[in-house]
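A short write-up of the structure that comes next.
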Amino acid sequence: MIKTVKTAPYQDQKPGTSGLRKKVPVFSQENYAENFIQSIFDSLEGFQGKTLVIGGDGRYYNREVIQKAIKMAAAAGFGKVMVGQGGILSTPAASNIIRKYKAFGGIVLSASHNPGGPTEDFGIKYNIGNGGPAPEKITDAIFARTKVIDAYRIADVPDLNLDQLGSFDVAGMTVEVIDPVADYAELMEQLFDFGAIRTLLAGGVRIAIDSMGAVTGPYAKEIFEKRLGAPEGSVRNFTPLPDFGGHHPDPNLVHAKDLYDDVMSADGPDFGAASDGDGDRNMIVGKGMFVTPSDSLAIIAANATVAPGYSKGIAGIARSMPTSAAADRVAEKLGIGMYETPTGWKFFGNLLDAGKATVCGEESFGTGSDHVREKDGLWAVLFWLNIMAARKESVAEIVTKHWAEYGRNYYSRHDYEEVDTEAANALVAALREKLASLPGQSFGALKVAAADDFAYHDPVDGSVSKNQGVRVLFEGGSRVVFRLSGTGTSGATIRVYVERYEPDPAKHGIETQAALADLIAVANEISELKTRTGRDKPTVIT
Ligand code: G16
């Protein structure tokens, strides 16, 4: 019943920031997905008879790859597979299932916020037993294996009905098709004060939750409408669709603009939130106030004790290097640890496991905590509602008071997408060349204090990750950061992160791009962005 299939390696299966992401036509080449899945299994040890969790965000090609993964897990000797009904598990829910049921690991099928469909994106990621993305030493081993693989093993059995809950036998392995929502909703009830949030909503605060045609729909319906009593219709775009309804399920000011505009309109909702394709990202907006992900992390950390799950306080905060330093000021005030990691949620895993950090966040619309080992979009939404309920204040009041207390970190990211790869690499190489000569140079009123290529020394396992982004730090605390995205699927994406700290509350009302204009101009000058890429404006500004 188990057959061994000869295959030839592909040379392009290097996992990026978050697993292997490629266009569907690439993934659907002969044995492409099988090669990668077998390479995952070949890089692991000790899983015989253990449990593997499998789930995805419901995008195009999800079901096909889940069938392959189940049959290959059976052939590899796993004892059991737990798979979400319909092949659905949001990324944070998958992380929770792995942890709760002490699984050996999990395969998460998603290309996150990237579009879905026959010519759009797909992805495969392996998560380890702590529920988090595999660390670099495992992803490096997987990549090495993909380059030489010559065979894979698969159970020669019919497809399983993924829509029927229950336990089934697949070539001697048990497959449990589980309700994707129940365990996750239960965890959220443990962490947050649902009673207080229910009272807030019953008291007339109107919310709009946009699932963007992606995986969080069933979760949001259950949590916000059923358990918290928000009126039906509060959750929009709630049916997970293989192509996300043609939308780009990226919760930011460009792709969730309709929601933003609705919340900003006079008679629109008081609070809005959106999630991405696989449910780990979030965007928070209140009437008159967009909350930057960096501020969201800082504000959640500063108010964490209002939520029952965090009532004893938090041990530390971690953020990715390009994320603004707003959270650092909170950590300083609380007298707790602050950790700066490279981009990629996988770098938080060790800090969370070691109890050094409780809350983590990234500028890329990700926030989370030690409740799972992934960022968690709906968790962040619930945290905000819990804070609003406890403080009896609006989003705008909470944010402006936070700035008044800690100062405001004006922050923006400019993305240049689908840039010619060679030009993007040359731009970064040229920046690296300049690093030594930048300190001491002045650009208008801005004087460079330091410049480097960020390297991370993991305080838990001692591993070192180099070349994680070029930083140019100016006197007074402003900075610009340049790095290439590790999640794109065509060409290169150059990310330019810009930050300025403003302590004076009288100057907190400036429009963000205007507040950062001088730094943006300097970033373009130092990187020679226009001449090197031929672009005169970013594709996306967040
Ligand atoms: C992934 C990672 C995040 C990272 C983001 C952007 O998120 O898990 O840690 O911040 O990509 O990465 P990059 O700047 O390299 O494109 P997701 O939501 O795509 O899984």
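The values are calculated or read from the model by the stated rules, or taken from the named source; none is laboratory data. This structure is a prediction, so every number in the text was calculated from the model and none was measured. Glycine also receives a Cβ, built like all others from the backbone with ideal geometry; neighbour counts cover every protein chain displayed.
Identify, by number, the condition in (1) among the charged types (D, E, K, R); (2) under 24 Å from A326 (Cα atoms); (3) in contact (Cβ under 8 Å) with a residue 24 or more places away in the chain that K434 doesn't meet.
(2)
Could you give me the residue pairs with C-beta distances under 7 Å whose first residue belongs to region 380-395 and is over 18 Å from M264 (Cβ atoms) and assigned to a helix (DSSP H, G or I), whose second residue is modelled with pLDDT of 95 or more and acidic (D, E) wherever it lies, and which are 6+ apart or on separate chains?
N386/D193; A389/D193
Being among the aliphatic types (A, V, I, L, M) and either within 16 Å of the ligand (Cβ to nearest atom) or surrounded by 22 or more Cβ atoms within 10 Å (Cβ to Cβ) (or both) is the filter here, so list the residues in region 388-415 that pass it.
M388, A389, V395, V399
Any idea which residue in region 84-117 is farthest from A69 (Cα to Cα), counting only those that are within 13 Å of the ligand (Cβ to nearest atom) and outside any loop (DSSP other than H, G, I, E, B)?
Here the residue is P92.
Out of the residues in region 467-514 meeting the condition of being of a type in the set (S, T, Y) and assigned to a loop (DSSP other than H, G, I, E, B), tell me which one is farthest from the ligand (Cβ to nearest atom). Talk me through it step by step, then tell me what you get.
Taking region 467-514 first, the residues of a type in the set (S, T, Y) are 478, 485, 487, 489-490, 493, 497, 501, 512.
Applying the additional criterion that residues be assigned to a loop (DSSP other than H, G, I, E, B) yields 478, 485, 487, 489-490.
On the way: S478: 21, S485: 3, T487: 3, T489: 11, S490: 13 Å.
This residue is S478.
All but one of (1) surrounded by fewer than 20 Cβ atoms within 10 Å (Cβ to Cβ); (2) at pLDDT below 95 hold for D150; which doesn't?
(2)
Any residue at all in region 486-504 that's farther than 30 Å from H402 by Cβ, out of contact with any His (no Cβ under 9 Å at 6 or more places or on another chain), crowded, with 17+ Cβ neighbours inside 10 Å and not small (G, A, S)?
Yes; the residues of region 486-504 include at least one that is farther than 30 Å from H402 by Cβ, out of contact with any His (no Cβ under 9 Å at 6 or more places or on another chain), crowded, with 17+ Cβ neighbours inside 10 Å and not small (G, A, S).
Taking the criterion of being at positive phi and aromatic (F, W, Y), would at least one residue in region 47-61 satisfy it?
Looking for residues that are at positive phi and aromatic (F, W, Y), one finds at least one in region 47-61, hence yes.
Just for helices (runs of 4 or more DSSP H) wholly inside region 189-268: which have at least 2 residues that are under 21 Å from D280 (Cα atoms)?
216-220, 257-264
Check region 518-539 and report whether any residue there is in a strand (DSSP E or B) and within 25 Å of the chain's Cα centre (by Cα).
no
Contact list please: Cβ distance under 9 Å, first residue in region 322-347 and closer than 29 Å to K137 by Cα and away from the ligand (no atom under 16 Å from the Cβ), second residue of a type in the set (D, E, K, R) and part of a helix (DSSP H, G or I), pairs at least six apart or on different chains.
Correct list of pairs: M338/D328; M338/E332.
Which of (1) of a type in the set (A, V, I, L, M, F, W, C); (2) under 24 Å from Q29 (Cα atoms); (3) in contact with a helix residue (DSSP H, G or I) (Cβ under 7 Å, 6 or more places away or on another chain); (4) surrounded by fewer than 17 Cβ atoms within 10 Å (Cβ to Cβ) is the odd one out, the single condition A141 does not satisfy?
Condition not satisfied by A141: (3).
If the requirement is being touching a Leu at 6+ places or on another chain (Cβ under 8 Å), closer than 22 Å to V419 by Cβ, modelled with pLDDT of 95 or more and charged (D, E, K, R), which of these qualifies: R483, R495?
On the way: R483 fails: touching a Leu at 6+ places or on another chain (Cβ under 8 Å).
Only one candidate qualifies: R495.
Within 16 Å of the ligand (Cβ to nearest atom), among the hydroxyl-bearing types (S, T, Y) and either more than 22 Å from the chain's Cα centre (by Cα) or not in a strand (DSSP E or B) (or both): is that true of S167 in this structure?
no
Are any residues in region 129-148 without any contact (Cβ under 8 Å) to a residue 24 or more places away in the chain and in a loop (DSSP other than H, G, I, E, B), and if so, which ones?
Result: no residue meets the conditions.
Looking at (1) within 16 Å of R153 (Cβ to Cβ); (2) crowded, with 23+ Cβ neighbours inside 10 Å; (3) not charged (D, E, K, R), can you tell me which one L89 breaks?
Single failed check for L89: (1).
One residue is enough: does region 303-317 have a residue meeting the conditions modelled with pLDDT of 95 or more, under 15 Å from V395 (Cα atoms), within 16 Å of the ligand (Cβ to nearest atom) and buried (at least 20 other Cβ atoms within 10 Å of the Cβ)?
Checking region 303-317: not a single residue is modelled with pLDDT of 95 or more, under 15 Å from V395 (Cα atoms), within 16 Å of the ligand (Cβ to nearest atom) and buried (at least 20 other Cβ atoms within 10 Å of the Cβ).
Tally the residues that are assigned to a strand (DSSP E or B) and either under 13 Å from the mean Cα position of the chain (by Cα) or buried (at least 24 other Cβ atoms within 10 Å of the Cβ) (or both), restricting the search to region 339-373.
So the answer is 9.
Against the condition more than 20 Å from I128 (Cα to Cα) and at pLDDT 95 or above, how does R373 come out, does it pass?
no
Quick check on this structure: which one of A515, A455 is among the small types (G, A, S) and touching a residue at least 40 places away in the same chain (Cβ under 8 Å)?
On inspection, the qualifying residue turns out to be A515.
Here is a yes/no grid of residues against (1) touching a strand residue (DSSP E or B) at 6+ places or on another chain (Cβ under 7 Å); (2) crowded, with 24+ Cβ neighbours inside 10 Å; (3) more than 27 Å from Y456 (Cα to Cα):
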residue: A73; (1), (2), (3): yes, yes, yes
residue: A93; (1), (2), (3): no, yes, yes
residue: K100; (1), (2), (3): no, no, yes
residue: F104; (1), (2), (3): yes, no, yes
residue: P118; (1), (2), (3): no, no, yes
residue: I128; (1), (2), (3): yes, no, no
residue: P133; (1), (2), (3): yes, yes, no
residue: E136; (1), (2), (3): yes, no, no
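Does region 268-289 include one or more residues that are free of Cβ contacts under 8 Å to residues at least 40 places away in the same chain and under 23 Å from E502 (Cβ atoms)?
No: region 268-289 contains no residue that is free of Cβ contacts under 8 Å to residues at least 40 places away in the same chain and under 23 Å from E502 (Cβ atoms).
Kindly indicate whether any position in region 42-56 is surrounded by fewer than 17 Cβ atoms within 10 Å (Cβ to Cβ) and closer than 30 Å to G217 by Cβ.
no
Quick check on my filter: what residues within region 269-301 are part of a loop (DSSP other than H, G, I, E, B) and more than 15 Å from the ligand (Cβ to nearest atom)?
P269, D270, K287, G288
Can you pull out every residue in region 15-63 that is in contact with a Lys or Arg (Cβ under 9 Å, 6 or more places away or on another chain), in a loop (DSSP other than H, G, I, E, B) and under 15 Å from A134 (Cα atoms)?
P15, T17, S18, S43
Can you find a residue in region 248-264 that is of a type in the set (V, I, T) and surrounded by fewer than 20 Cβ atoms within 10 Å (Cβ to Cβ)?
yes
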